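The values are calculated or read from the model by the stated rules, or taken from the named source; none is laboratory data. Bear in mind the structure is a predicted one, so any value in this text is a computation, not a measurement. Here Cβ is always computed from backbone atoms with ideal geometry, including for glycine, and neighbour counts include all displayed protein chains. We work out accessible area using only protein heavy atoms, side chains counted, and drop any ligands, DNA or RNA first. Shrake-Rupley method; radii C 1.70, N 1.55, O 1.52, S 1.80 Å.
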Amino acid sequence: MADGFFLAPYAVRVENSRGRRHPEPQHPYRNDFQRDRDRVIHSRAFRRLEAKTQVFTRRYSDHFRNRLTHTIEVAQIARTIAAQLGLNVDLVEALALVHDIGHPPFGHAGEKALDAAMRRHGLFFDHNLHALRIVENFELRYAAFRGLNLTFEVREGIIKHSRDYKAAEYPQLSEYLLESQPPLEAQLIDVTDEIAYSTADLDDGYEAHLLTLEQIRAGVPVFAGFLREAEQRYSTAPEKLQFNEALRHVLDRWAGDLIRNTQALISACSPGRPRPGRADEGVRPYTISLEDVRACPQRLVGLSPEVEDERRNTKDFLYKNLYYSPTLEPEKQDAERVIAELFEVWMSQPEKLPSSYQEKAEQEPLPRIVCDYIAGMTDNYIYEQYAKYCG
Ligand code: MG
């Protein structure tokens with residue numbers, strides 16, 4: 001039991017953390033993962049998430065998700081699931097709050113455009129690697145060192161978010177145990193991220209009138225089933241409230257399935273060492289350790305095949321009908337043009353970069369520095385820069 005939560009044998013225990021790059025004295029009443037969570041919340045990069053597009057720009061509405069509110073939703077869902085699985089909730093929360101911190105302005109379109117600009121100079125952009133640069137280097141809060149000095153487990157989680165890096169290709173990441181699976185706390189963030197945005201984007205897409213109820217009903221069978229129930233049960237309720245009822249049941253179904261299926265995968269992976277379990281509370285006894293999780297050939301946090309199909313189907317529906325919709329196309333092209341043109345402005349006239357970036361360009365290739373500068377910008381700020389230099 002830690003901080004009121006049951007901690008399973010396979011959870012990361014804060015007292016076993018591999019620690020920080022720069023040793024620091026213990027805090028009297030916050031453990032290291034709680035401090036990491038708080039460091040992320042107090043960072044500038046975290047605050048800027050508020051003005052970065054998730055899917056919809058501010059043009060649509062002030063009550064649609066942005067990167068910050070998406071991040072908070074991921075943290076909420078992940079905390080709930082982590083507590084049920086006996087994972088380290090503090091670590092999960094820190095990982096959830098930091099998971100999108102490396103994203104450039106303009107959502108996916110911005111990421112694509114920045115990567116394309118870098119590739120023209122023989123380099124590339126990767127938001128996980130960029131996130132690591134932010135927390136290791138760009139955030140300046142402490143007199144004794146650069147960066148946030150986060151624990152190993154949080155930095156490892158940043159690097160292992162939604163992809164695997166090969167040690168041969170990324171020797172600079174070799175300290176992050178690239179041959180091992182990440183702890184379940186980090187694995188959870190990836191799946192929760194998918195669940196959170198797939199349901200939230202249906203909601204915002206419907207509110208934005210880019211998706212109709214009939215379209216979602218026809219294209220997302222799991223939603224259609226719950227909608228039918230909501231229409232029967234609340235036959236006189238407004239359509240949006242019936243929609244809400246259906247959507248929250250989809251989210252609940254997926255989160256519940258993730259908990260149950262992950263428990264089953266953990267049990268199946270158990271090497272059979274019996275341990276006093278929690279059968280009295282309806283939870284199967286767990287016997288695997290964090291080392292077993294790391295050594296496992298595949299990740300253990302996942303949806304059942306049936307629900308995974310539902311999630312994929314929903315994601316395909318969103319790609320076809322929302323993310324690639326002709327209505328959002330002009331905005332995406334705009335984003336790509338703004339990033340591409342500004343990138344070349346600073347490449348050809350580096351003296352127009354802020355002096356701190358000009359100094360950095362003495363140590364690293366100029367395209368990397370221009371990329372860092374652009375990636376950190378909010379949607380608003382990059383438009384201001386565009387008006388100033390290209391308008
Ligand atoms: Mg995300």
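State whether one or more residues within region 51-63 are in contact with a helix residue (DSSP H, G or I) (Cβ under 8 Å, 6 or more places away or on another chain), modelled with pLDDT of 95 or more and hydrophobic (A, V, I, L, M, F, W, C). No, that holds for no residue. Kindly indicate the residue of region 122-148 that is of a type in the set (Gly, Ala, Ser) and in a loop (DSSP other than H, G, I, E, B) and also least open to solvent (accessible area, probe 1.4 Å) among those meeting that condition. Ranking the qualifying residues of region 122-148, first place goes to GLY147.
Could you list, in sequence order, all residues of region 225-234 that are among the aromatic types (Phe, Trp, Tyr) and crowded, with 17+ Cβ neighbours inside 10 Å? Step through it out loud before you land on a result.
First, the residues of region 225-234 that are among the aromatic types (Phe, Trp, Tyr): 226, 234.
Within region 225-234, PHE226 is the sole residue that qualifies.
Taking region 22-47 as the range and being crowded, with 20+ Cβ neighbours inside 10 Å and charged (D, E, K, R) as the test, the residues that pass are ASP32, ARG35, ASP36, ARG37, ARG39.
Which helices (runs of 4 or more DSSP H) does region 311-391 wholly contain that include 3 or more residues that are β-branched (Val, Ile, Thr) and under 29 Å from the mean Cα position of the chain (by Cα)? Spell out the reasoning first.
Values: elements: 329-348, 355-360, 366-375, 379-389.
Fully inside region 311-391 and qualifying: 366-375.
List the number of the failed condition for GLU306; all other conditions in (1) modelled with pLDDT of 95 or more; (2) within 27 Å of SER198 (Cα to Cα); (3) surrounded by 13 or more Cβ atoms within 10 Å (Cβ to Cβ) hold. Answer for GLU306: the failing condition is (3).
Within region 161-175, the set of residues being in a loop (DSSP other than H, G, I, E, B) and either touching an Asp or Glu at 6+ places or on another chain (Cβ under 6 Å) or open to solvent by less than 70 Å² (accessible area, probe 1.4 Å) (or both) comprises HIS161, SER162, TYR165, ALA167, TYR170. Return the residue satisfying two criteria in turn: it lies in region 48-74 and is in a helix (DSSP H, G or I) and open to solvent by less than 30 Å² (accessible area, probe 1.4 Å), and of such residues it is farthest from the ligand (Cβ to nearest atom). Only one residue fits best here, namely ALA51. Among the residues of region 110-125, just one is among the acidic types (Asp, Glu) and within 15 Å of the ligand (Cβ to nearest atom), namely GLU111. Restricting region 83-109 to residues that are within 14 Å of the ligand (Cβ to nearest atom), of a type in the set (Gly, Ala, Ser) and not in a loop (DSSP other than H, G, I, E, B), which is nearest to the chain's Cα centre (by Cα)? Result: ALA96. Report, by residue number, each residue of region 186-224 that is assigned to a helix (DSSP H, G or I), surrounded by 20 or more Cβ atoms within 10 Å (Cβ to Cβ) and away from the ligand (no atom under 16 Å from the Cβ). Selection gives GLY205, TYR206, ILE216, PHE223. Scanning region 365-380 for residues that are at pLDDT 95 or above and open to solvent by 30 Å² or more (accessible area, probe 1.4 Å), we see that the one that is farthest from PHE106 (Cα to Cα) is PRO365.
So that you can scan it fast, the table gives a plain yes or no per residue for (1) closer than 21 Å to ALA335 by Cα; (2) among the aliphatic types (A, V, I, L, M):
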residue	(1), (2)
SER348	yes, no
GLU351	no, no
SER355	no, no
GLU359	no, no
GLU364	no, no
ILE374	yes, yes
ASN380	yes, no
GLN385	yes, no
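Whenever a residue of region 319-343 is more than 21 Å from ASP203 (Cβ to Cβ), its partners that are assigned to a helix (DSSP H, G or I) and open to solvent by 80 Å² or more (accessible area, probe 1.4 Å), lying with C-beta atoms within less than 8 angstrom and at least six residues away or across chains, give the pairs GLU336/LYS112; VAL338/TYR383.
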